[in-house]
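Quick notes on the structure that follows.
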């Protein structure tokens, strides 16, 4: 296992404890934009993560949701979401966690996602597979849209027209659609085979960098809406178990 992965997993575990210990105890929140909040817990988690990375790798670049980007000449960049699912967290809804990815020369090579209330630690490295709590995971084998479960972004307040357009196209063709409210849950559910596809309409690299590697290493496929490969800087994409990919793309045209 890469040294960076070992550190990321250790940090994610400590950060996850911060989230659990402070659940239901938020003492400050700020509205960054309409209905988009950051809490004191987001900031505490982020401070811990960045501090620990800098202790070990002081020259590495860091891109984090709240602190922004710290550029250096290093070929390594840590991409961090200290609390993904903030709005879930604010209501003590259990689908939230920590996402840490390590990029080398522009490509994500290490990924860790901790969903502390579910006791789930996801880890992936490029070319070495994806794991949940130390056990190898794979995407689902569902090969029919009719029997599939799809997860989607729950951004109705900002992208109502786009979401309803996509729902009108896909909902008659699938078995079920879910809205977890956190990108790490959307992505990890596809990687572990609990969902068969994820339709992402808007995101940021800190939301998806780790989860994208999880899906790829678990045998999944990720492209834009036209079927072209994308990386973690894409604003939207389709992620599937590979078997359903063409069917999902066709349904959303």
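Being out of contact with any strand residue (DSSP E or B) (no Cβ under 8 Å at 6 or more places or on another chain), in contact (Cβ under 8 Å) with a residue 12 or more places away in the chain and either loosely packed, with under 14 Cβ neighbours inside 10 Å or not assigned by TED's automatic domain parsing to the domain that holds residue 16 (or both) is the filter here, so list the residues in segment 60-99 that pass it. Answer for segment 60-99, where residues must be out of contact with any strand residue (DSSP E or B) (no Cβ under 8 Å at 6 or more places or on another chain), in contact (Cβ under 8 Å) with a residue 12 or more places away in the chain and either loosely packed, with under 14 Cβ neighbours inside 10 Å or not assigned by TED's automatic domain parsing to the domain that holds residue 16 (or both): 73, 92.
Got a sec? Which of 50, 18 is in contact with a helix residue (DSSP H, G or I) (Cβ under 7 Å, 6 or more places away or on another chain) and closer than 18 Å to residue 113 by Cα? Step through it out loud before you land on a result.
Numbers: 50 fails: in contact with a helix residue (DSSP H, G or I) (Cβ under 7 Å, 6 or more places away or on another chain).
Exactly one of 50, 18 is in contact with a helix residue (DSSP H, G or I) (Cβ under 7 Å, 6 or more places away or on another chain) and closer than 18 Å to residue 113 by Cα, namely 18.
Tally time: how many residues in segment 218-253 are in a helix (DSSP H, G or I) and either buried (at least 24 other Cβ atoms within 10 Å of the Cβ) or in contact with a helix residue (DSSP H, G or I) (Cβ under 7 Å, 6 or more places away or on another chain) (or both)?
At the first step, the residues of segment 218-253 found to be in a helix (DSSP H, G or I) are 245-251.
Filter once more, so that each one left must be either buried (at least 24 other Cβ atoms within 10 Å of the Cβ) or in contact with a helix residue (DSSP H, G or I) (Cβ under 7 Å, 6 or more places away or on another chain) (or both): 247-248, 251.
Total satisfying the criteria: 3.
In segment 120-146, the residue that is surrounded by the fewest Cβ atoms within 10 Å (Cβ to Cβ) out of those that are more than 19 Å from residue 99 (Cα to Cα) and within 17 Å of the chain's Cα centre (by Cα) is 138. Here residue 18 passes the criteria (1) over 15 Å from residue 98 (Cα atoms); (2) without any contact (Cβ under 8 Å) to a residue 40 or more places away in the chain; (3) in a helix (DSSP H, G or I) except the one numbered (1). The number of residues in segment 111-131 being in contact with a helix residue (DSSP H, G or I) (Cβ under 8 Å, 6 or more places away or on another chain) and closer than 27 Å to residue 22 by Cβ comes to 11. Please indicate, with yes or no, whether at least one residue in segment 46-66 is outside any helix (DSSP H, G or I) and modelled with pLDDT under 95. Yes, segment 46-66 contains at least one residue that is outside any helix (DSSP H, G or I) and modelled with pLDDT under 95. Just one residue in the set 4, 31 is over 25 Å from residue 154 (Cβ atoms) and either surrounded by 15 or more Cβ atoms within 10 Å (Cβ to Cβ) or modelled with pLDDT under 95 (or both); that residue is 4. Quickly run through segment 171-199 and pick out the residues that are buried (at least 24 other Cβ atoms within 10 Å of the Cβ) and either within 21 Å of residue 226 (Cβ to Cβ) or at pLDDT below 95 (or both). Listed by number, the residues that qualify are 186, 187, 190, 196, 197, 198, 199.
Take residue 186 and decide whether it is in contact (Cβ under 8 Å) with a residue 12 or more places away in the chain, part of a helix (DSSP H, G or I), under 14 Å from the mean Cα position of the chain (by Cα) and within 25 Å of residue 80 (Cβ to Cβ).
Numbers: in contact (Cβ under 8 Å) with a residue 12 or more places away in the chain: yes; part of a helix (DSSP H, G or I): yes; under 14 Å from the mean Cα position of the chain (by Cα): yes; within 25 Å of residue 80 (Cβ to Cβ): yes.
Yes, satisfied.
In segment 147-170, what residues are over 22 Å from residue 36 (Cβ atoms) and either crowded, with 16+ Cβ neighbours inside 10 Å or in contact with a helix residue (DSSP H, G or I) (Cβ under 8 Å, 6 or more places away or on another chain) (or both)? Hits for segment 147-170 are 148, 149, 150, 169, 170. Take segment 116-161 and flag every residue that is at pLDDT 95 or above, closer than 20 Å to residue 250 by Cα and not in a loop (DSSP other than H, G, I, E, B). Those that are at pLDDT 95 or above, closer than 20 Å to residue 250 by Cα and not in a loop (DSSP other than H, G, I, E, B): 145, 146, 147, 149, 150, 151, 152.
The values are calculated or read from the model by the stated rules, or taken from the named source; none is laboratory data. Every value quoted in this text rests on a predicted model; they were computed, and no experiment measured them. In this analysis, Cβ positions are derived from the backbone assuming ideal geometry, glycine residues included, and neighbour counts consider all displayed protein chains.
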